[in-house]
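Down below is the structure, laid out as structure tokens.
The values are calculated or read from the model by the stated rules, or taken from the named source; none is laboratory data. In this text, all values refer to a predicted model and were calculated from it rather than measured experimentally. No Cβ is skipped: glycine too gets one built from the backbone with ideal geometry, and neighbour counts run over all protein chains shown. Ligands, DNA and RNA are stripped out before the accessible areas are found, and what is left, the full protein with its side chains, is counted by its heavy atoms. Shrake-Rupley method; radii C 1.70, N 1.55, O 1.52, S 1.80 Å.
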Amino acid sequence: MTHDESSDSIEPDGGAISSPFEVVSEYEETRSERYRKLYDAYVYAPLSIILRDWRARIGLTIVLGFLALGIIGPLVVEPTRVTEGPALVGPFENWEYVLGTDAQGRDLFAQVVHSTDTILKMVTSGALFTVIIGTTIGSIAGYKSDTPIDTALSSITDVFINLPGFPLVMVLGLLLEDHILGNPYAVGVLLSIAAWGGLARAIRSQMLTLRQESFVEASQAMGLSTPTIVFKEILPHLMPYVVINLTSAGRRVIFEAVALYYLGILPFEKLNWGTMLQLAYQARAHARPGALHWFLVPMVAIVLISIGLTLLGQSLDRVFNPRVRARHEKTTADIDESGETDEEPTNEPMGGI
Amino acid sequence: MTVSESDHQRRPAHHDPILQIRNTSVTFDMDRGESRVLDDVELDIQRNEILGIVGESGSGKSMLASALLDAVVDPGVAYGDITYRPTDGEPVDVLDLDKQGLKELRWETISMVFQGAMSSFNPVRKIRTHFVETLDAHDYDIDEGMERAEGILEDLYLEPDRVLDSYPHELSGGMKQRALIALSLVLEPEVLVMDEPTAALDLLMQRSIISLIREIKAEYDLTIVFITHDLPLVADIADRIGVLYAFEFVELGPTDEILEDAAHPYTRLLLKSTPNLEAPIETMQPVEGSAPDPVNVPSGCSFHPRCPLADDQCRHEDPRAYEVNANHPVHCHHWSTAREEISMTDDYDVSSVLQSTAVDTRAQSEEIDPVVSLEDVEVHFETEQSFFDMFSDSDVVEAVNGVSVDIYEKDVVVLVGESGCGKTTLGKTAVGLQEPTGGSVQFRGHDIWDVQTGTDTGIEWGEIRRSLQIVHQDPGSALNPHRRVKTSLEAPLKRWNKDLDGNDRTQRVLSLLEHVGMTPPNDYIERYPHQLSGGEQQRVALIRAMLMNPDLIMADEPVSALDVSLRVEMMDLMIQLQDTFDTSYLFVSHDLSNARYIAEKTGGRIGVVYLGQLVEIGTPEQIIHNPQHPYTKALCWATPELGVEKNTEEAPIRTIDIPDPTDPPSGCRYHTRCPNAREICRTQSPESFDVPDETAHDAACFRVDDDHDYWTSKSITRAEETVFDD
Amino acid sequence: MIQNKHTFMLTLDWRIRRIGQALFTVWAVLTLSFVMVRMMPGNIMGALVTRMSRQGINPARARELIELRLTIDPDQPIPAAYVDYLTNTLQGNLGQSIYFTRPVTEIIAETLPWTLFVLSWAIFISFFLGIAIGALMAYWEGGKLDVGLTSYAVVIGSVPFYVLALLLLIFLAYRWNLFPSNGRQPTGIDPGFTVAYVSGIVYHAALPILSMLVASGMASLGMRGNSIRVLGEDYLRVARLRGLSDLTISTQYVARNAVLPMYTSLLIRIGAMFGGSVVLEQVFQYRGIGLVLLEATHQRDYPLMMGGFMVITVAVVIALLVADLTYGYVDPRARRTQ
């Protein structure tokens, strides 16, 4: 580096401006100042964005509610057993069995509570697996496009896009019975084994576009390393998309897991929403009057968490939009007061170059 | 005609306005208040004139265009009086029409060409369908209308059948633009409003379309309103020019008067800030400051914050229309003194010191080794490449073909050419961002791709990477929108100055920001790119490159995304930074005026690129006043001038459209468009010849060599007599 | 430049490539099946041998039976077995069902059309429903109808189709007796192109089809977004200025361009729907390929399972292939850029 040489040749420019490379450490940032900025950027701004959007508020409430149910619930609520109460008590009739009981007198509320943690574990592992594999393969293929690496990864992706996931999981579920029994994380991964293809293809094509962006080329010109470019420069652009896919993958895992347990294909140790449906169907609850709640309780749980995930996913992408962030950060918010608004295109109709 | 309400009734009757605009405003309701994007405008448009309307982006010019058809987009509202006066029949109030009335007015009487021809056609329907459905919607006879459409397309030098049977994406930008003009004329309107119809096009295409506009105006008996940000562009064709600033007209007058003797300080400053080929570069000065926000227009004269003549009166009193003469109103309290205060030729020193020293520098630099040396560089792209491609041949685009050029210390080379000619690829190859498929790129004597693969260990790859930098065309995408100014600018320091701690880095960034005039820098470093103006973004991108302390910066159209009045300022800043940091520049530009400004001010050279080949290189003086290659001549012809005398000479090209780069012409690649092409040009590709006028001037054309076989070869242009033939 | 020559070449090139990719996928799935049957730990073959010997079939006979049923010879070396297996499968020999003791192909040929019948109607109806709702939402963007329909779409999109199926079964079939609760064709009517028989089929398929309509929720949200984007395009503004009728603008301009991006996603949904047919057919006891696959799973009828899996895969591969190959007819831009 030869900055000192270059500063020698600087001509006084109007007098007032000092040499651009004259390093005087008069700029001191205190530790607390730095922490304040970090807090502002990573805690305050995202929270304030989320809390200002009704969709996010509802979604977050629901998802947090289920988390509480899954984590705290089992500690508070006793697991239920056969003939704990009378058979087929309707919901809200007996406060001991708030949501009623099934045909064998088991408390439905306790069943819901004690299956929530299993479901959440599957969701977590399945959604993370889908997104991590999809994003990794997609971004590598996209960044290395037109190389044999891309060709190989894209061909694999194409195969997985074409695989019908559900029948494959049925077959694999049978073969791997021993490995997934009592291991919800493994079930989540198994359910996602053929689900990452679409995401990988989409990420790849976005990567192809982003790779052409000038700022990526500028980073390459600056000699920044490839991991730095991919993870620090490009990945933030994919985050809104990744987050949406994370929540929709979670939803898919719930749907498919419940379906597989309902069909009685996956082995289980303790009851969950799917097995509740299965037991209800086998007991012909659909044909019996007074047994409707046996179906409804798990159904409501499934639909509710799914709505929560959908709403959260739809609104979380705003957290990654720098325009929205800037408005919510204290550090930069004042600049925006004068310039930008939420509805940005007001300047656009004016046109002109 | 007038811009003021006080005297429009007094205008004598020999004026024959086809459109009268009175007290017309356009407003938008926004969160932060009402935004007035056209403010109480008065204007008469005369029958059969070409009226040029000039304004910077966000000056309200597109709003005016939309208001003429009562087509302001929601949630904007236009109000006031716009009266259309037919030759026979009652005047019509445009803004008062019902749905049916509007349908009859739009396209049938007043038609419009938008700036976005690329997106003005429905992508899933053929061009022909667009014509048919338009005729059908207005109950015109379709056969007759299509015959007319074909006629218009032919007048615009297009092959009617081929164009009509294409989908929009199958046409080049210039073809689409001409097809759009034809579409706007198919219902035989009286008035044609053109909103930046050439903004997205290349110089030659732009120029050709401007010439065509003159022809179609005569042929189809039109009144044309031509809206643009580019003053020189309309100077040639407009009868009158109106200048918009901050949503109102500041001046309106006959073209000659506006160009020669403008009365408003803004017009005068704008003229001075516009680079062109003829005026001495020392007279080109930037307009300080930037245009106001529509919500917050300054009180009094809206130009006063940027005006050197502003006094208390300007700050408080909105200037009425003063009359320079009966045909030339101007909104300035000081219009009579403006012409002396803002001289068009002041501080112009004929014996330009800078120029002579600059030439010296270059002459010396010939002696020493070049920083970057390109030898016979080739870059060929294959358009399709994947696993199953073994079934077919892929198309090869020869983006760069056999280019050799040396760039020295503190040297400046400007590459000029049409879009798609490979100038950007060539530039990126020179700074090691694109690997050539043939030839070599050397940095201080080392082949940079040998260094990269490790075959040449004389120099570190990192050293090369640090020394060759790039500044992009679009400052908006050159900065990562997710990263603050501080993070973006500290990245190169983190990578290359590991000895600096966080505070030192920030300090360096702060002082550079201050150096380029972004004060207070503490305020700027925490911002995201979208919180900066275009000019500020470009400054940040520029200092990011400078922080690497590079030896050569490739600047890809660095000013073309900026407003006209800001371009000179940005180019001056770049020249000043070059001095400070001792670097060399490789500029890429499609605009010969900008190229000339940079090259002349730094004593650099201009290289002209056509279809991947460097066809001529020399000093700006040589390129502009003694062009040797016919293509350079065409570029000079196509560059709009601010002069009063009309540029009416015949176009020095035979076809408007550039050949398909995947299938370039044989021999001399320019022979398909060259007015001097002969048989030999079809088969033989000319080498670069030294032009005998001075040193450092080469052109790749047989005509430079007096003894060449070319002179005995048969001309191929006689057979195809037509100019502008596809 | 008009590049007719290149347009043609690229199209041809791209189609061949796409077909090659589909064949590659089929091959990959065949290989995967082979691996699952023959080579995976705790593999199918071993399980079958154990089961048969428990039933008192001597090992040699068991191995013969297995070869007949799975078309994989347990005693052959892996490469030879693999080649045999590929040849058999490509000739349409998918083995024999253990449980039904009939050729797998026969069972599938008998059930697949029913599944296709339900799925194709479900896909078409939900697609058009989604488009219509999405267009309505976009037209009244920000209005009450938009907010209402958007909430509806979010909720309906969060309901798994089998939940809706169960609810329909409970109410429409059992409580109110409006539809049959199971089966796929009317009893007591001879199959044939008679009004009674055909309407009976439709009657039986109604609830399964209706259940799949939850897919329209997400489709309508997609359509809404696309339409709003198209409404902001320059060509739409120009079309309005040209005085085109509202009908032309809404159908040929907005709808046409907004539907384009949905075409691919529609056909991608086919894969998911095939998977869903297993649950759907179980709920309604509708005897299609899904139900057969489920029975095979419960009975550990491996030849039938693998055969069903293979056929569903091939169906999905073909659907996606058709989607990609025909996309050029829907969007002229794709003819060159793909």
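Observations on the structure shown:
- Nearest 10 degrees, 0 to 90: helix C:289-298 Cα axis against chain C principal axis: 40
- Of all the options C:GLY183, C:GLY142, C:GLY217, the one that moves most in a Gaussian network model of chain C with Cα springs shorter than 10 angstrom is C:GLY142.
- Separation of alpha-carbon centers, the stretch A:123-161 and the stretch B:508-570, rounded to whole Å: 37
- Helix B:127-137 vs. chain B, principal-axis angle (Cα, 0 to 90°, nearest 10): 10
- Rounded FRET efficiency, nearest 0.05, which uses the C-beta distance separating B:THR455 from A:SER32 and R0 of 51 Å: 0.45
- With all protein chains modelled, accessible area of B:THR683 [1.4 Å, Å²]: 110
- Reported to the nearest whole Å, the Cα centre-to-centre distance from the stretch B:48-64 to the stretch C:203-230 is 47.
- Table column - 3J(HN,Hα) (Hz), the stretch B:427-434, Karplus curve with 6.51, -1.76, 1.60, x for Gly and Pro: x, 5, 5, 5, 9, x, 9, 9
- Taking the longest Cα principal axis of chain B as reference, the axis of helix B:564-581 is set at about 20 degrees.
- Drop in accessible area of at least 10 Å² in the complex versus isolated chain, residues of the stretch A:265-279, 1.4 Å probe: A:ILE265, A:LEU277
- For chain C, a Gaussian network of Cα nodes joined below 10 Å ranks C:LEU168, C:LEU266, C:LEU178 by mean-square fluctuation, and the top entry is C:LEU178.
- Fluctuation leader among C:PRO160, C:PRO208, C:PRO191 - chain C, Gaussian network, Cα springs under 10 angstrom: C:PRO191
- Relative contact order of chain B: 13 percent, from C-alpha pairs under 8 Å at least 6 residues apart in sequence.
- Label point distance in nm, C:GLN55-A:ASP178, each placed 7 Å from Cα along Cα→Cβ: 2.3
- Amide H contacts of B:ASP44 (H built 1.01 Å from N, in plane; Pro and chain starts excluded): B:THR2, B:ILE21 sit under 5 Å, all sequence-distant by 5 or more or on other chains.
- In this simple spin-label model, placing a label point 7 Å from the Cα along the Cα-to-Cβ direction at both B:SER685 and A:PHE92 gives a separation of 8.4 nm.
- Spin-label pair B:ARG315-C:GLN91: with each label point 7 Å from Cα along the Cα-Cβ axis, the two points sit 9.9 nm from one another.
- Taking every C-alpha pair closer than 8 Å and separated by at least 6 residues, the mean separation divided by the residue count of the stretch C:107-327 gives a relative contact order of 29 percent.
- For B:ARG605, the residues 5 or more places off, or on other chains, whose built amide H falls under 5 Å of its own are B:VAL412, B:VAL413, B:VAL414.
- Restricting the calculation to Cα atoms, the protein assembly as shown shows an Rg/Rh of 1.01 when the hydrodynamic-style radius is the Kirkwood one.
- Reach of B:LYS633 by Cα under 20 Å, taken over lysines that are not fewer than 8 positions away in the same chain: B:LYS423, B:LYS646
- Cα pair distances exceeding 46 angstrom across chain B, given as percent: 24
- Applying 1/(1 + (r/R0)^6) with R0 = 60 Å to the Cβ-Cβ distance of B:ARG214 and A:ILE132 gives a FRET efficiency near 0.45.
- Alpha carbon convex hull of the stretch B:558-623, volume per residue in cubic angstrom: 89
- Taking 0.36 nm per residue of separation and subtracting the current Cα-Cα distance, fully stretching the chain between B:THR662 and B:THR337 would add 111.3 nm.
- The B-C contact accounts for roughly 3500 square angstrom of buried accessible surface, both chains included, probe 1.4 angstrom.
- Near the amide H of B:VAL615, within less than 5 Å, lie the amide hydrogens of B:VAL608, B:VAL609, B:TYR610, all on another chain or at least 5 residues away, with H placed in the peptide plane.
- Under the Karplus curve 6.51 cos²θ - 1.76 cosθ + 1.60, θ = phi - 60°, whole-Hz ³J(HN,Hα) for the stretch B:236-244, x wherever Gly or Pro sits: 6, 10, 6, 7, 10, 10, x, 10, 9
- Contact order relative to length of the stretch A:36-330, as percent, for alpha carbon pairs under 8 angstrom and 6 or more apart: 28
- Residue order by solvent-accessible surface for B:LYS176, A:LYS270, B:LYS428, B:LYS126 is A:LYS270, B:LYS126, B:LYS428, B:LYS176, largest first, with ligands and nucleic acids left out and a 1.4 Å probe.
- Cross-link pairs beyond the 19 Å C-alpha cut-off, checked among A:LYS121/A:LYS232; B:LYS126/B:LYS176; B:LYS272/B:LYS601; B:LYS103/C:LYS144; A:LYS232/B:LYS494; B:LYS61/B:LYS272: A:LYS121/A:LYS232; B:LYS103/C:LYS144; B:LYS61/B:LYS272
- Averaging the Cα positions of each part gives two centres, and for the stretch B:141-207 and the stretch B:77-106 these lie 26 Å apart.
- Value at 222 nm in deg cm²/dmol, rounded to 500, when DSSP H runs of n ≥ 4 in the protein assembly as shown each add -39,500 (n - 2.57): -15500 deg cm²/dmol
- Solvent-accessible surface (1.4 angstrom probe) belonging to A:THR61, in square angstrom, nearest 10: 90
- Within the full protein context, the accessible area of A:THR83 is estimated at about 100 Å² for a probe radius of 1.4 Å.
- As a calculated quantity, the FRET efficiency between C:SER265 and B:ASN327 at R0 = 51 Å, using C-beta atoms, amounts to about 0.25.
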